[in-house]
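Notes for the one structure printed next.
The values are calculated or read from the model by the stated rules, or taken from the named source; none is laboratory data. This one's a predicted model, so the numbers in the text were calculated from it and none came from an experiment. Heads up, the Cβs are rebuilt from the backbone with ideal geometry, glycines too, and the neighbour counts pull from every protein chain shown.
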Amino acid sequence: MSNVQPLVAGNWKMNGLKSSASELKTLVDKLNAEPVSGVDVMICPPATLLLAFSALVEGSKVKLGAQDCHTEASGAHTGDLSAEMLADSGAVAVILGHSERRADHGELDRHVRAKAEAAWRAGLMAIICVGETEGQRKAGVTLDVVRRQLKNAIPDGATAANTVIAYEPVWAIGTGLVPTAEDVKQVHGVIRDELAARFGDEGRGMRIQYGGSVKPGNAKELMSIDNVNGALVGGASLKAEDFLGIIAAYKS
């Protein structure tokens, strides 16, 4: 395990209604009763739930994040939400550049970079996603892709406090497929080297999450890999018991 404080964050994607508060309450109650030290915990629900959920997590170990933001603070952008609005609703972080945003909405690295700057402007931590597709993996260009995304999607001024990097091999998201421990170690090592080269000590202290079919059964192995500082969890974060099983990888 690294000296960097890990972050286990649950990305609920387009899932969850007001009734889902019961899962969050279970998570909060269990972590209050049996705290897991040395790890930060976050849930990133749909924006419709942020305000209600912020009351549930108040004073607890669980923080709230959002899933996307607009680059502008306000304006004529029907259907969009600014980083300031997310912060006003209780979020402390926002996921940016997720592969689903890139694929479904045509987001490019420059868009992610602008959104990260917007997140910082609003006082939010940016969780910036990088990762290769199955075709890129088969073509042997994984490291080139990740390096390019890191270079172009992370703004100057990134620090260990305002930025988290999430490595998510696109082909592993929701498929049950997981890269080998050696593959994860290689990519995370390259990410760490790139961050350190560009940002110095701040880059050495930035958290690098792994995401892609993380489950209670494989969490301990994945979380013990060098330079893996937590997880960005999809489907397994929707149920409190599954998410707690992943957080338990950090129990001593």
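Results for (1) in contact (Cβ under 8 Å) with a residue 60 or more places away in the chain; (2) over 30 Å from Lys25 (Cβ atoms); (3) surrounded by 14 or more Cβ atoms within 10 Å (Cβ to Cβ), shown as yes or no for each residue.
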residue: Ala73; (1), (2), (3): no, yes, no
residue: His77; (1), (2), (3): no, yes, no
residue: Val92; (1), (2), (3): no, no, yes
residue: Ser99; (1), (2), (3): yes, yes, yes
residue: Ile127; (1), (2), (3): yes, no, yes
residue: Glu132; (1), (2), (3): no, yes, yes
residue: Lys151; (1), (2), (3): no, yes, no
residue: Ala161; (1), (2), (3): no, no, no
residue: Tyr167; (1), (2), (3): no, yes, yes
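Out of the residues in segment 76-94 that are aliphatic (A, V, I, L, M) and not in a loop (DSSP other than H, G, I, E, B), which is farthest from Val164 (Cα to Cα)?
Met85
Does Ala73 satisfy the criteria of being assigned to a loop (DSSP other than H, G, I, E, B), farther than 24 Å from Gly16 by Cα and touching an Asp or Glu at 6+ places or on another chain (Cβ under 9 Å)?
yes
Going through segment 92-116 one residue at a time, which ones are within 17 Å of the chain's Cα centre (by Cα), among the aliphatic types (A, V, I, L, M) and under 22 Å from Asp156 (Cβ atoms)?
Within segment 92-116, Ala93, Val94, Ile95, Leu96, Val112, Ala116 meet the criteria.
Keeping to segment 113-159, report how many residues are under 20 Å from Ala87 (Cβ atoms) and of a type in the set (A, V, I, L, M).
Number of matching residues: 11.
Select from segment 228-243 the residues that are surrounded by fewer than 22 Cβ atoms within 10 Å (Cβ to Cβ) and not small (Gly, Ala, Ser) and write down the one among them that is nearest to Ala9 (Cα to Cα).
So, considering only residues that are surrounded by fewer than 22 Cβ atoms within 10 Å (Cβ to Cβ) and not small (Gly, Ala, Ser), the one nearest to Ala9 (Cα to Cα) is Leu238.
Quick check on my filter: what residues within segment 119-157 are hydrophobic (A, V, I, L, M, F, W, C), assigned to a helix (DSSP H, G or I) and over 17 Å from the mean Cα position of the chain (by Cα)? Steps first, answer last, please.
Pass one, segment 119-157, residues hydrophobic (A, V, I, L, M, F, W, C): 119-120, 122, 124-130, 139, 141, 143, 145-146, 150, 153-154.
Filter again for assigned to a helix (DSSP H, G or I), leaving 119-120, 143, 145-146, 150, 153.
Leu143, Val145, listed by residue number.
Quickly run through segment 38-49 and pick out the residues that are free of Cβ contacts under 8 Å to residues at least 40 places away in the same chain and more than 15 Å from Ala93 (Cα to Cα).
Matches in segment 38-49: Thr48 only.
Report, ordered by the first and then the second residue, all pairs with beta carbons closer than 7 Å, sequence separation of six or more or different chains, a first member in segment 209-224 that is in contact (Cβ under 8 Å) with a residue 12 or more places away in the chain, and a second member that is acidic (Asp, Glu) and outside any helix (DSSP H, G or I).
Correct list of pairs: Gly211/Glu168; Gly212/Glu168.
For segment 223-230, state whether one or more residues are of a type outside the set (A, V, I, L, M, F, W, C) and assigned to a helix (DSSP H, G or I).
no
Which one is farthest from Ile165 (Cα to Cα), of the residues in segment 235-252 that are modelled with pLDDT of 95 or more and part of a loop (DSSP other than H, G, I, E, B)?
Lys239
Pick out the one residue from Ala197, Ala219 that is closer than 16 Å to Leu143 by Cα, small (Gly, Ala, Ser), part of a helix (DSSP H, G or I) and out of contact with any Asp or Glu (no Cβ under 7 Å at 6 or more places or on another chain).
Ala197
Given (1) surrounded by fewer than 18 Cβ atoms within 10 Å (Cβ to Cβ); (2) over 26 Å from Gly245 (Cβ atoms); (3) modelled with pLDDT under 95, identify the lone condition not met by Ser37.
(2)
Would you be able to tell me the number of residues in segment 4-23 that are more than 24 Å from Leu222 (Cα to Cα) and of a type outside the set (Gly, Ala, Ser)?
5
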